Amino acid sequence: MQLPTPDEHNNVSLSKFESMLKTNNILFFDSDQFEEIINHYLENGKIALAKKATKLGLQQHPSSTTLKLFQVEMFIFENELDIADILLDELYQIEQSNEEIYIQKANILSRRDQHKHAIVLLEKALEITLDQADVLSLIGMEYLFLEDYENAKNYFIRCLNDEEDQIHTDYSALYNVIYCFEYLEQNQEAINYLNVFLDKNPYSEVAWHQIGKQYSILKQYKKALASFDFAIISDDRFIGAYLEKGKVLEKMQRYELAIESFIITLGLDDPTSFALLRIGKCYEKIKNDEMALQYYTKCVEQDGLLDKGWIAITDFYVRQKNYQKALYFVNKALAIDDQNRLYWKRFATINKAMDQFEEAEFGYRKAIEFGDYQLDTWLFWVDIMQIMGEYNNAILTLIQAAEYFPDDYEIEYRIAGFHMLLNEEEKGNFHLSNGLRLN
């Protein structure tokens, strides 16, 4: 007789449990079956069913520590931290050698932003656990919360080193290691680490992808390309590798090959607005305006919230001096997001080019209102005010700009000029002297 596999056994338990819920007939399950059922529901995000299974499990097995720990997990998930804390204290009195008690205690402390105390408890869990990789990863996360990237990096590396089977690597730990290296600007060290990692697992597409990104940051583009090619050899449907390869080819000005790489991603999954935008940019670089426009249009249709798409299509028409079309698209963008300073600055620039000065003045004002404090924006704005004869408003605006750029001579010269236009010679000379002193 062939025994059922663990998966089949789990499916039978689940079917039996869900049948019981429908009929309200109470059936008996051993504690292991309840654990499997609860785990299944938690992994699938079915919290309400997990809670039901935990409650029924504890009714049938009131002394089960594992089921009580599941109950604690539910309370923590619902932010009932005080209740969870009390239950854990009770469990600790019974079973002090269970690492899960320390882990859940640390989870509560972490949620209360007591990350150093959480680390102390996780270190205790580390001493008694048989699965050190998971606990090392949790300690790494606590150090991330503390913004202690050096310690976080070291714990994530220990986590990865502890995993016996590199084929089933916890890639979240690998991503976190690289995040720490990048934050610490240790790109060459990241490459050195990834090379050691790849010696153990030469077909890890994620590691090849990450090492390629590090080479790209260091502008070692040939090595980056080779790394992305290895990532693709390891998994020929790895969209991230094709995207990164396309970006590198674009930086190397190999635009046709970059287009090929980006286009491959469109056939592997739903087209991303990023890929459509980059294809448009590459076509524009090789002077194929028709194809560039086609892909920019697809980009904004795909993702109306991607400001880079609207900016690309607007700037495309500005470069062609087709201001009516440019204004049409920037207005469409503003209809979606009327608080985007990049849109308002383009709105102003386009209207200025069309001699629509009131609209241009309004655009620059809105750009600054929504956070564009670049010097040229202030200066363009007051230039429009000069054309409109609004000299006093221009002076007030320049005084405001001087708060952001106290040592800029252009502001002082402009203030001097406006005072002169208003026949305020003494004030004009004062600001002229300031400008000369600065430059």
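Arrange the residues Y221, Y364 by how much accessible surface each exposes, largest first, with a 1.4 angstrom probe. Present the calculation step by step, with values, prior to reporting the outcome.
Values: Y221 50, Y364 0 Å².
Sorted by accessible area, descending: Y221, Y364.
Karplus couplings for region 386-397 from phi (6.51 cos²θ - 1.76 cosθ + 1.60, θ = phi - 60°), rounded to Hz, Gly and Pro as x?
With coefficients 6.51, -1.76 and 1.60, one gets 5, 4, 7, x, 8, 5, 5, 5, 5, 4, 4, 5 Hz.
Select from P62, P202, P271 the residue whose mean-square fluctuation is largest in a Gaussian network model of the chain (Cα-Cα springs shorter than 10 Å).
Result for the chain, Cα springs under 10 Å: P62 fluctuates most.
(1) -0.48, -0.78, -1.07; (2) -0.28, -0.51, -1.00; (3) -0.32, -0.57, -1.03: which one is log10 I(q)/I(0) by the Debye sum over Cα atoms at q = 0.06, 0.08, 0.11 Å⁻¹ as calculated from this entry?
Calculated log10 I(q)/I(0) by the Debye sum over Cα atoms at q = 0.06, 0.08, 0.11 Å⁻¹: the matching label is (1).
List every residue whose amide H lies under 5 Å from the amide H of M388, counting only residues 5 or more places away in sequence or on a different chain, with H placed 1.01 Å from N in the peptide plane.
HN-HN under 5 Å from M388: empty list.
Any idea what the relative contact order of region 198-311 is, in percent, if you count C-alpha pairs under 8 Å spaced at least 6 apart?
Values: 146 pairs, mean separation 18.3, N = 114.
That works out to 16 percent.
Take every Cα pair under 8 Å in the chain that's 6+ residues apart, average their separations, divide by the length, and report that relative contact order as a whole percent.
4
Can you give the FRET efficiency to the nearest 0.05 for E403 and E426, using r as the Cβ-Cβ distance and R₀ = 25 Å?
Details: r = 23 Å, r/R0 = 0.92.
With a Förster radius of 25 Å, E is 0.60.
Explain nothing, just compute: Karplus ³J(HN,Hα) = 6.51 cos²θ - 1.76 cosθ + 1.60, θ = phi - 60°, for every residue of region 122-135 in order, whole Hz, x for Gly and Pro.
Computed from phi, the couplings for region 122-135 are 5, 5, 5, 4, 5, 5, 10, 7, 8, 10, 5, 4, 4, 5 Hz.
Report the gain in length on full extension from L396 to E358: 0.36 nm times residue separation, minus Cα-Cα distance, nm rounded to one decimal.
Details: separation 38, 0.36 × 38 = 13.68 nm, distance 1.79 nm.
Extending this stretch completely gives an extra 11.9 nm.
Please check which bits of region 260-276 a label hung off D236 would reach, taking the label as a point 7 Å along Cα-to-C-beta and the cut-off as backbone N under 17 Å.
261-269
Relative to the present Cα-Cα distance, how much length would full extension add between K321 and E150 at 0.36 nm per residue of separation? Don't skip to the end; give the middle numbers.
Values: separation 171, 0.36 × 171 = 61.56 nm, distance 5.15 nm.
Stretched fully, the K321-E150 segment lengthens by 56.4 nm.
If you take every residue apart from M420 with its C-beta less than 13 Å away from the C-beta of M420, what net charge results, scoring Lys and Arg +1 and Asp and Glu -1? If you can, show how the numbers build up before the last one.
Numbers: positive: R414, K427; negative: E412, E424, E425, E426.
Residues near M420 contribute -2 overall.
As an exercise, use a Förster radius of 25 Å and the Cβ-Cβ distance of I86 and K55 to find the FRET efficiency, rounded to the nearest 0.05.
Values: r = 17 Å, r/R0 = 0.70.
That gives a FRET efficiency of 0.90.
What residue among F75, F28, F145 shows peak mean-square fluctuation when the chain is described by a Gaussian network model with Cα springs under 10 Å?
Of F75, F28, F145, the most mobile in the Gaussian network model is F28.
Using 0.36 nm per residue, how much length does the chain from D113 to D30 gain when fully extended, once their Cα-Cα distance is taken away?
Stretched out fully, the D113 to D30 stretch lengthens by 26.1 nm.
Cut-off under 20 Å on the C-alpha distance; same-chain residues fewer than 8 positions from K247 excluded. Which lysines are left, in chain and number order?
By straight Cα distance, K247 reaches K213, K219, K222, K223, K281, K285, K287, K298, K308.
The values are calculated or read from the model by the stated rules, or taken from the named source; none is laboratory data. As the structure is a computational prediction, the values presented were derived from the model and not from experiment. Every residue, glycine as well, gets a Cβ built from its backbone with ideal geometry; the counts of neighbours run over all protein chains shown. Quick note on the areas: whole protein, heavy atoms, side chains included, nothing else; ligands and nucleic acids left out. Shrake-Rupley method; radii C 1.70, N 1.55, O 1.52, S 1.80 Å.
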